[in-house]
Every structure is written in structure tokens, then in C-alpha cells.
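The values are calculated or read from the model by the stated rules, or taken from the named source; none is laboratory data. No experiment lies behind these values; they were computed from the predicted model shown. In this analysis, Cβ positions are derived from the backbone assuming ideal geometry, glycine residues included, and neighbour counts consider all displayed protein chains. Calculation scope for accessible area: heavy atoms of the full protein, side chains included, ligands and nucleic acids excluded. Shrake-Rupley method; radii C 1.70, N 1.55, O 1.52, S 1.80 Å.
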Amino acid sequence: MLKELKLNLEVEIDGGKAVVSCNLPAVLGCQEPIAEWKIPSMRGIMTARTKEIKIISPSISSGQVHVSEVINETNRKQMMIPSDQLNMLVDYLKQDVQF
Amino acid sequence: MKNLAIFIDFKGVELSSYSNSLLLFADEFFGSDVIYHLFSTNSPGQASLPNLKGSVKAYQINAKNSLYAGSAELACLGNKIAEHKIDEVWLSKSNTSDSIGSFISSSLEFQIVPNIKQITKQGDHYVIQKSIFSGKAIANLEVQTSQFVGIFPKGFGSDSNSNSNSNVDVKSIIFESLDLDLNNAYTIEKMETHDGTIPLPEAAIVVGAGRGMKDPGNWGIIEELANALRAATACSKPVSDINWRPHHEHVGQTGIKIAPKLYIACGISGAIQHLAGVNGSGKIVVINTDPEAPFFKHADYGIVGDLFDVLPRLTKIIKEM
């Protein structure tokens, strides 16, 4: 909310939220519901396919070397447990998670 | 001798579990060949910390009435880091670590690597595995071992620390006061914290629920199961969008990304955007009435059944343990 050239903002912090005020100029990073994610239109998707992508080198010389990328596939057990045998689930979880 | 800065947090007078894990990991990683510069915004002034092999200097950042993520405070912090000839900065992932890490990286021209899953030393460089594309893939990097900012997920190192859960040798450390100039900061008018609840990013067990709960008034059975397991509660995006649950519980690609030891998903179909937020979980249990729900293909254990029948029985069994 803009009030006499001063911004009043609600900010998410670790474990809660804060109401803060600051003077302009300011750079704001927004999240939902201000920055709402949109599904692209079919026309937009088709236009993007032929759009030229300019590749720009970073201004700071990077000390990072990308060696490789691999797909992170976690193999899940996919074990189905009958809903009347919840003790079985708890036994498995005791072994796996030790709660 | 390496000068390593680590940002640490306290819960009351106790060091947070994730800061403790990161310190113990650094201790095993570097041995005695390091000077630690520990920065905190909420230290109790004097605190018991793990007895690290390297020497320790600790600083309490005093940025009164600020979240210390404003430009003036960050500029001042950057100067302090340059002044202490810091080679590396390690942070645990949080709302403020991104801004601090980015600022140090851009102002001091340090390399920044977020989402670190694994780090090893090889000669004069680090070999790092980092999570990319919302955890869908892992990038392997080689990074120089100086002028480096690393952002680690909360709880990093807790698995590899041989003594993190046992009796760790501790030492009392006094924090030197570090006053930051506040010429252009913003002012906190009000702060609201979710007292009494387990923060989602730090929870070892999370119970999540979706539109299958049918009504926000039905969340009692989720909270009861979460209480029995000492777990945090989470929700899917549609649920937070229609204000059934608060936004800070939204887990997924555009919400919080979690990596607990156990995630129990109740009445969540398993949209790919939700999976992106939970695929770092150790074990996943899915409970859903629909046997065709896609989440079952990404679960370790699946139960096809009515939530309102299954959850109270599951809670009862856990309470009786």
C-alpha cells in the first residue's frame, strides 16, 4: 500500500510474517497472490517456439565448471497396503523412519 | 588458513538443529585448518556451541528494527566480511539467506552455489552436487575453494554427522556485538510468528492434505495425526488458493519445498507441481480414495481408502505405540 511516498508491505519471514514500511525508491520481490502464475496461451506457446534466444555471457568470470547434469530419479517402493492393515504400514515406517 | 563465515540461528538460547548440523559438517570437512566467523542475528550473547577443531570468532549482528535484508545493512555486512578477509560463506536456506548470499556474491564477486546436496574437496577445487529444475535433476559442478558462497538446505549434514545426535562436546562462546548502520532500512511495524507450530522446512515428518479433505472444518484429523507424530502440517496449492489453509503451509513448486524423512499425503492427487515440492522426502505415504491418483506412482507406501476412516485409525495406532 502506497502512503505518502512510503510503502507499507506484508513480508513473509521464516516462521511467520511481518508488516514493514520503507521509503521509495525500492525494489520489490513479489509472490502470490500479487505475482500470480499464468498458464501460457497456445498462441504464446507457438510464438515462443520460433522466438530468437539471445545468449548472453555473464559479466563476472565464473569460477564454476558444469561437469554434467543427471536426472534425479528417486526409486519409490510403490507398495500398496490394504486400508484394514494399518499396523503393517506403521511397522514399515518404524523400520524406515525410526519415529 | 581458511577464513570461513557461517550464518547460524538460535531457537531461544539453543542453537537451531540445522545450524548445529552445518557446524558439525564443517568441522568434519575442514578439521583444524580453519578460522570460523559465526554470524547470528538472534544469538543470546553467550551460547554453547559444538567444540569445533578450528578457532572460533562469533558476532551478533545488531540491526535493530530490521530484518537485516535491507541494502544498508547488507552493504555494511559485506564490508565486515571483506574486512575479516573471509574466503567462504556458508548459509542454511531461509528467506533471508537468499538475499544475504546474493548480495555477498555480487558485491564481493564470490561464486554462489545454492541447493547444495553434496560437497567434497578435490585438490584446489570443490566438487558439488546441486539440485536443479525443482529437484528433477542434479548438476555436478567444480567450484574454486575461495571466494565462494554456499547455500545448504536446512538439516544438511545431519545424516553424515557421526555425533550430531549423541553427546556433542560443547564450548561456551561469547558473541561480539556487530552494529550495522541503518541509514536507509525499512521499519518493521508488526511481526507475527507461528508460535507453537513446527516450521515446515525444519520438520522431520510432514502431514499434507489436499482438496480430498472436502472442507476446511475437517482439518482436525490432519492436525491430530500431525500432533501424534510431532509433525508439521502442509497443504496443496488449491487448498491455500481457496483459503482453506494459510499460504505458509503451501507445499509445491511455487510454495515451500520440503525434504522431511517422512511425508504423508492425504487426499492429494499428486499434480507434478506438488511433487516438485516434496520429491526430496525420504519416504512418501499416499492415502487417497482414488486408486488411479498419480501420486501412488511416486509413493513408497499407498493406501486406497476413505481419509475419514483411515486417518483416525492410523492416529490411534500411533498414539498407542
Next on the checklist: So, in segment A:1-15, how many residues would count as being surrounded by fewer than 14 Cβ atoms within 10 Å (Cβ to Cβ) and either under 21 Å from the mean Cα position of the chain (by Cα) or in contact (Cβ under 8 Å) with a residue 24 or more places away in the chain (or both)?
Outcome noted: 2
Next on the checklist: When you check A:E12 against the structure, is it of a type outside the set (S, T, Y), under 15 Å from B:T187 (Cα atoms) and within 14 Å of chain B (Cβ to nearest Cβ), yes or no?
Outcome noted: yes
Checklist entry - If you go through segment B:99-110 one residue at a time, do you hit one that is in a strand (DSSP E or B), touching a residue at least 12 places away in the same chain (Cβ under 8 Å), facing chain A (nearest Cβ under 8 Å) and over 19 Å from B:L23 (Cβ atoms)? => result no
Item to check | The lone exception for B:T289 - which of (1) in contact (Cβ under 8 Å) with a residue 60 or more places away in the chain; (2) open to solvent by less than 60 Å² (accessible area, probe 1.4 Å) it fails | outcome: (2)
Checklist outcome for this item: Restricting segment A:60-99 to residues that are more than 7 Å from every other protein chain (Cβ to nearest Cβ), more than 26 Å from the chain's Cα centre (by Cα) and in a loop (DSSP other than H, G, I, E, B), the one farthest from B:H298 (Cα to Cα) turns out to be A:S61
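Scan A:I39, A:I45 and give me the residue that is over 30 Å from B:Q111 (Cα atoms), out of contact with any Pro (no Cβ under 6 Å at 6 or more places or on another chain), open to solvent by 90 Å² or more (accessible area, probe 1.4 Å) and among the hydrophobic types (A, V, I, L, M, F, W, C).
Values: A:I45 fails: open to solvent by 90 Å² or more (accessible area, probe 1.4 Å).
Exactly one residue qualifies, and that residue is A:I39.
Before we move on, is B:V127 over 24 Å from B:V278 (Cα atoms), open to solvent by less than 50 Å² (accessible area, probe 1.4 Å) and in contact (Cβ under 8 Å) with a residue 40 or more places away in the chain?
Details: over 24 Å from B:V278 (Cα atoms): yes; open to solvent by less than 50 Å² (accessible area, probe 1.4 Å): yes; in contact (Cβ under 8 Å) with a residue 40 or more places away in the chain: no.
No: the conditions fail for B:V127.
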Item to check | Residue ranges of strands (runs of 3 or more DSSP E) in segment B:21-95 with at least 1 members closer than 18 Å to B:I174 by Cα and at pLDDT below 80 | outcome: B:55-62
Checklist entry - Considering segment B:21-39 alone, what residues qualify as being free of Cβ contacts under 8 Å to residues at least 60 places away in the same chain, of a type outside the set (D, E) and open to solvent by 30 Å² or more (accessible area, probe 1.4 Å)? => result B:S32, B:I35
Checklist entry - Is it the case that segment B:112-134 has a residue that's at the interface with chain A (Cβ under 8 Å from one of its Cβ atoms) and of a type in the set (D, E, K, R)? => result no
Next on the checklist: Looking for something open to solvent by less than 100 Å² (accessible area, probe 1.4 Å) and either in contact (Cβ under 8 Å) with a residue 24 or more places away in the chain or not in a strand (DSSP E or B) (or both) - is there at least one such residue anywhere in segment A:16-26?
Outcome noted: yes
Checklist entry - For B:D309, all conditions in the list (1) open to solvent by 60 Å² or more (accessible area, probe 1.4 Å); (2) closer than 23 Å to B:G135 by Cβ; (3) at the interface with chain A (Cβ under 10 Å from one of its Cβ atoms) hold save one; what is the number of the exception? => result (2)
